[in-house]
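Enquirer: Take a look at this one; I'll ask things after.
The values are calculated or read from the model by the stated rules, or taken from the named source; none is laboratory data. Fair warning: this is a prediction, and the values are worked out from it, not measured in the lab. Glycine also receives a Cβ, built like all others from the backbone with ideal geometry; neighbour counts cover every protein chain displayed.
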Amino acid sequence: MRKFSPRLDNIGTEDAFSVMIKANKFEREELTPHGKKLIRLQIGEPAFNTPKHINKAAIKAIKDNQTHYTAPPGIREVRTALAAQSSKMTGVDFDT
């Protein structure tokens with residue numbers, strides 16, 4: 001049987017897991033006692049399937065070779081669409 005390199009013992013966890021642990025503690029100690037919930041945006045498995053229109057857009061992006069990182073601000077069209085949807089839901093105007 002092959003053995004793994006001892007160097008693997010030095011690999012730590014992702015920072016995302018550290019954030020999740022802190023978020024769990026904050027929610028448990030600070031929010032839950034006051035009947036509030038935390039909206040999770042770190043890591044995890046969604047409780048719903050990806051909508052079909054998003055699947056189609058992702059497949060098209062892959063076929064169009066749009067598989068690289070974007071510039072730090074992201075894609076303007078996506079930011080604009082998200083801002084419009086958020087404005088519609090909250091009544092707050094967002095600057096993109």
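Enquirer: Give me a count of the residues in segment 37-51 that are under 16 Å from F26 (Cβ atoms) and either surrounded by 10 or more Cβ atoms within 10 Å (Cβ to Cβ) or among the small types (G, A, S) (or both).
Expert: Just the residues of segment 37-51 that are under 16 Å from F26 (Cβ atoms), to begin with: 37-44.
From what is left, the residues that are either surrounded by 10 or more Cβ atoms within 10 Å (Cβ to Cβ) or among the small types (G, A, S) (or both) are 38, 40, 42-44.
Here the count works out to 5.
Enquirer: Can you tell me how many residues within segment 67-94 are closer than 24 Å to A16 by Cβ and outside any helix (DSSP H, G or I)? Walk me through it before giving the result.
Expert: The first filter runs over segment 67-94 and keeps only residues closer than 24 Å to A16 by Cβ, leaving 67-75, 78-79, 82, 86.
Keeping just the survivors that are outside any helix (DSSP H, G or I) gives 67-75.
Matching residues across segment 67-94 total 9.
Enquirer: Name the residues in segment 26-60 that are part of a loop (DSSP other than H, G, I, E, B), more than 20 Å from D15 (Cβ to Cβ) and modelled with pLDDT of 85 or more, would you? If you could, list the steps in order and put the result at the bottom.
Expert: Quick first cut of segment 26-60, residues part of a loop (DSSP other than H, G, I, E, B) only: 35-51.
From the residues that got through so far, the ones that are more than 20 Å from D15 (Cβ to Cβ) too are 35-37, 46-51.
Listed by number, the residues that qualify are G35, K36, K37, F48, N49, T50, P51.
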